[in-house]
1. Could you tell me the relative contact order of chain A? Use alpha-carbon pairs under 8 Å, at least six residues apart, and round to a whole percent.
2. On average over all directions, what projected area in square nanometres does region B:5-212 have, based on the convex hull of its Cα atoms?
3. Any idea what the residue A:180 label distances to the other copies are, label 7 Å down the Cα→Cβ vector, nm, shortest first?
4. Calculate, for residue B:138 and residue A:46, the FRET efficiency according to 1/(1 + (r/R0)^6) with r their C-beta to C-beta distance and R0 51 Å; round to the nearest 0.05.
5. Using a Förster distance of 30 Å, how high is the FRET efficiency between residue A:70 and residue B:177, based on the Cβ-Cβ distance and rounded to 0.05?
6. Which value, to two decimals, describes the C-alpha radius of gyration of the protein assembly as shown once divided by 2.2 N^0.38 Å?
7. What is the ratio of the Cα radius of gyration of region B:109-222 to 2.2 N^0.38 Å, where N is its residue count, to two decimals?
8. Taking 30 Å as R0, compute the FRET efficiency from the Cβ-Cβ separation of residue A:194 and residue A:91 and round it to 0.05.
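Just so you know, all these numbers are worked out from the coordinates, no wet-lab data involved. All values reported here derive from a predicted model rather than from experimental measurement. Methodologically, a virtual Cβ is constructed for each residue, glycine included, from the backbone with ideal geometry; neighbour enumeration extends over all protein chains shown.
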């Protein structure tokens with residue numbers, strides 16, 4: 001029986017890499033990457049291609065959403081707002097939040113999915129061990145799934161799968177390792193593209209995750 | 001009292017022009033235009049700027065969403081699929097439907113709105129006298145509004161205003177004329193950028209609208 005087609009959003013980070021590992025094990029996967037003027041755009045794009053090569057996924061689309069950088073309002077896209085040092089105890093929304101970013105990603109994924117007969121969209125969002133981004137909440141994905149059903153042709157609806165949403169970083173690392181996901185091909189640092197800073201939120205979460213998993217991160221740190 | 005800020009999606013067509021007229025009369029309006037590789041992209045962009053000039057709206061953003069053309073699946077974005085002759089009695093979804101297009105537009109508008117403290121998004125979608133596009137249905141906009149509330153920062157939610165959604169084309173033309181909306185600066189033809197074809201769905205709807213309104217379309221036709 002032919003497998004269902006799934007669009008997988010692959011940023012180049014660990015969460016989407018492990019999400020991709022899950023998707024390719026069950027579905028005919030097509031990988032979607034979005035460049036939006038973020039600081040580490042080039043490295044993330046390289047990681048996307050490396051992960052897609054690893055899984056031998058030829059069906060790829062790279063979307064450019066330059067308006068997110070022009071809108072700004074985030075330290076990831078506005079060079080005038082520095083990426084702060086890690087604060088994993090923070091409870092407010094950090095400056096790295098890119099306004100409504102995941103909606104742009106899901107809209108692109110759903111459009112590609114509707115046009116090509118996919119049944120599922122996979123996104124590696126994490127809610128619990130996360131950074132307080134409003135567009136990583138489960139309620140947001142539930143609403144978006146209904147929006148796809150309401151705004152696509154009959155039979156065009158896609159489910160939104162968020163298989164790592166409730167996992168901690170260390171659980172994601174353990175799961176990915178167990179599945180043979182190429183975590184050495186991922187990138188997480190918000191600031192740097194060649195040697196990770198080790199002290200931004202994203203590096204701190206990643207390093208804590210490897211520590212809690214009892215493993216060593218294969219990436220180079222400053 | 002300072003007026004609320006509203007993001008207005010202005011395509012360059014009549015429906016969004018009249019929608020813009022309504023928005024500027026009540027809100028501090030910022031105009032958003034999207035180019036996505038559609039056949040009449042240049043003309044629509046010119047109309048956007050002309051309408052914004054008319055309303056003296058300096059706060060403008062033009063987003064490029066090239067992935068919609070690469071995804072294809074529509075005669076508006078795929079040169080290999082011809083734009084057919086008008087069939088206003090059609091009940092199925094026409095080939096001009098661009099998969100989940102309005103979701104991309106609303107996502108961009110909401111991101112800009114969230115980043116700049118807007119309270120409303122205006123979009124000139126028409127459901128009744130329309131072309132059967134699934135992303136023009138009221139239920140889609142209702143869902144998307146909930147999605148914005150679920151996926152933006154506390155206090156960042158925006159309402160989605162669709163003031164012409166239940167109007168016929170002739171009602172839109174009458175309303176626009178009564179408000180002094182610059183309909184002569186709009187463009188509707190799906191095929192041509194200088195002299196309208198007069199026989200695509202969009203031209204046929206427009207011409208019928210002017211006829212039913214007892215008025216003459218100021219645009220040149222073949």
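1. Relative contact order, chain A: 25 percent.
2. With every direction weighted equally, the projected area is 10.7 nm².
3. Going from nearest to farthest copy, the values are 7.1 nm.
4. Calculated value: 0.75.
5. Rounded to the nearest 0.05, the efficiency is 0.30.
6. Against the compact-globule rule of thumb, the ratio is 1.01.
7. 1.25
8. It comes out at approximately 0.40.
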